[in-house]
1. Could you check the stretch 249-273 and list, in sequence order, the residues that are of a type in the set (Gly, Ala, Ser) and closer than 27 Å to Cys36 by Cα?
2. Residues that are more than 30 Å from Val171 (Cβ to Cβ), open to solvent by 10 Å² or more (accessible area, probe 1.4 Å) and modelled with pLDDT of 90 or more: which strands (runs of 3 or more DSSP E) entirely in the stretch 372-462 hold 1 or more of them?
3. Where the second residue is open to solvent by 40 Å² or more (accessible area, probe 1.4 Å) and not in a helix (DSSP H, G or I) and the first is closer than 18 Å to Gly265 by Cα and lies in the stretch 114-134, which pairs have Cβ atoms under 7 Å and are six or more apart or on separate chains?
4. Filter the stretch 522-533 down to the residues that are buried (at least 17 other Cβ atoms within 10 Å of the Cβ) and out of contact with any helix residue (DSSP H, G or I) (no Cβ under 8 Å at 6 or more places or on another chain), then identify the one that is farthest from Gln438 (Cα to Cα).
5. Is it the case that Pro25 is surrounded by fewer than 18 Cβ atoms within 10 Å (Cβ to Cβ), modelled with pLDDT under 80 and not β-branched (Val, Ile, Thr)?
6. Might you let me know whether the stretch 340-356 holds any residue that is among the polar types (S, T, N, Q), more than 24 Å from Leu156 (Cβ to Cβ) and within 19 Å of the chain's Cα centre (by Cα)?
7. Identify the residue in the stretch 242-268 that is of a type in the set (Asp, Glu) and open to solvent by less than 10 Å² (accessible area, probe 1.4 Å) and, among all such residues, is farthest from Cys309 (Cα to Cα).
8. Where the second residue is of a type in the set (Val, Ile, Thr) and open to solvent by 10 Å² or more (accessible area, probe 1.4 Å) and the first is over 18 Å from Lys97 (Cβ atoms) and in a strand (DSSP E or B) and lies in the stretch 471-483, which pairs have Cβ atoms under 6 Å and are six or more apart or on separate chains?
Amino acid sequence: MDLIVNANILRHVTHMFDRGRATEPVVPQRVEKPLCPFQAEQRQPFPRKAPEEVGLSSHRIATFLREVRSSPELEIHGIMVLRHGAVVCDAYFGAYKPCFWHAGHSLSKSVTATAIGMLIDEGRLSLDDKAAKILEKRIPALAQLTHKAITVRHLLTMTAGATFSEAGVMVEPNWTRAYFESMLRFEPGKEFYYNSLNSYILSAIVKEITGEGLCQYLKPRLFSPLGITVYHWETSPEGIEDGGWGLYLRREDVAKIGSLYLNGGVWNGKRLLSESWVKTATSPMVPTSESNGIFDYGLHMWSGRQHPCFLFNGMFGQDMLAFPESGIQIVTNGGLEQLFQQSVYYDILMKYFGKSEPDRLPRDRKGEAELKKEIASLAAPEPKATPLDRLLRRPLPAFLKDSLGKTYYADKQDKDDIIRTVSITGTANQSLLPFIEQVLRNRYARGIDSFSFVMESDELFLRVKEGKTTVSLPILIGKTVSTVLHLSETDYHAAITAEVASDEDGRGVLKLRLSFPEIASSRHMKIFFERGSLEVEMKEMPGIGLMRYAVAGLEESLRTKKRVADVVAKLDPDLLYDKLERTIEPTFRLWETPRGHAASPAELPTAHIPKPQDRIPLVK
């Protein structure tokens, strides 16, 4: 089974980086993520207090925010600071307002563990129960021999050793069977081997014992008691919540779950988790390598190696860090190029919050004003709809005026219904949707077909046609405008920030940032205007640095497999990374006249342009 899965992974990765054709998912694409409901109100919100009321310094928090913002390697979307159950700082960066849920990635594991803890508290499960025994109806009979030693404890501590891991889910629809058909790297319990499919098996165990998925099981036991109403958890092709990832939560709701653990399992005077579970889950159970950061591992939670703290952690910077001694929590969303806790962000956190604090400080009006100003400066400039604001809008530069009413086409060839976009250094996967999001969600783009610029009700729109879908980006120079984009058969909240400039050759440049408040990834574009054509440069964040790290790890993993290693050995590393860079950071050209044929009216892209009142406002 391992040989087949690894060969399919290698083949799929090779197709991803083929610039001549769009990637076809091996496992059928599932359109699952709903659009986040725009529900600004929070049920059972934390009280808001000035930092000094709970013993923290407003000036110090403002300085912390400035240091985070000024660090070039940090792409932070939002930070919430709490102490003793009160919010003292709720800062969002750009368009990443806290009213939106955010993909938690591996932070989901800590919520999966919470469900396991509740099952244990109910007496329906124990840490020493055997996974293969619980799931015997779903797995091959041979697994009762080969994987019989794997316990719930091994799954929670990442010491199970099964080799079917995250990469395998791209090519295998039955994750439970594949997990128990894969080889073991070591005897269960002997080593730490981080594998999100351990979390998935825990999710499958919840479903098997209760007959309910994680969301259904947790709703009356966790979500409803904490007032968590805006959430979504993606499921596998088997219909089971992903367990190790796929949970979307708002920052304040993540803080609530962290606060439950910080308070020993009690919420508003009601016990939801046993004190023994909370203590065990947040304590160091397994040492980890320095490459994983400054934390050891508990039960699907990280425990500080140098500081008394615990962490819910998801890649790209989805964190809930809590200090039991001081009662401080910091909840973060981001788009960092990191998988674990390798970034400078954790050093900054420990510098400002990793020490004891007084219970109260004298009021600091100057510091409060400083913090308020700093928080306000982080948010995206908000467009207004007053007549005066319309008069004061920056006029369109000449190169944009000249583009109005024009459509620019990419070269394309049609073969087997696959659009091939001929680019400078681009690929057929080039899309407004970041490539990493395409990979993580198994939603691959069909390639950009055309750009066109139109005016509607005194507003400028860039229409982008991708395959059979056309979306409209509202463009307001120097501002950020929100909308909804339908990409890869899925709706996403998006915010478009636009700037104009000129390059050293005198070409007009339209610079766009597409922020997606629900996910970690963002798309960055530069469009260079020339006579009769456009040159487009794309980047994304997180991007090339993260993908280089991930591909290197995959390459090293595959080299350890017999037969597959022979294939990998023949790969040219320089060619592989060149293809990777062209995929993550494509450059392509579009022409005003379709090359090879004249445009007919039927070929011109059309799309519904959202009226201003239909769009989700940045601030409500």
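The values are calculated or read from the model by the stated rules, or taken from the named source; none is laboratory data. What you see is a predicted model; the values in this text were computed from it and never measured. Using ideal geometry, Cβ is built from the backbone for each residue, glycine included, and neighbour counts are taken over all protein chains shown. Accessible surface is based on the protein model in full, side chains and every heavy atom, while ligands, DNA and RNA are left aside. Shrake-Rupley method; radii C 1.70, N 1.55, O 1.52, S 1.80 Å.
1. Once the filter is applied, which keeps residues that are of a type in the set (Gly, Ala, Ser) and closer than 27 Å to Cys36 by Cα, the stretch 249-273 yields Ala255, Gly258, Ser259.
2. Result: 407-409, 448-456.
3. Close Cβ pairs (under 7 Å, with a partner that is open to solvent by 40 Å² or more (accessible area, probe 1.4 Å) and not in a helix (DSSP H, G or I)) amount to Ile120/Ser126.
4. Among those that are buried (at least 17 other Cβ atoms within 10 Å of the Cβ) and out of contact with any helix residue (DSSP H, G or I) (no Cβ under 8 Å at 6 or more places or on another chain), it is Phe528.
5. Yes: the conditions hold for Pro25.
6. Yes: one or more hits.
7. The qualifying residue farthest from Cys309 (Cα to Cα) is Asp242.
8. Hits for this filter: Ser472/Ile609; Ile477/Val500.
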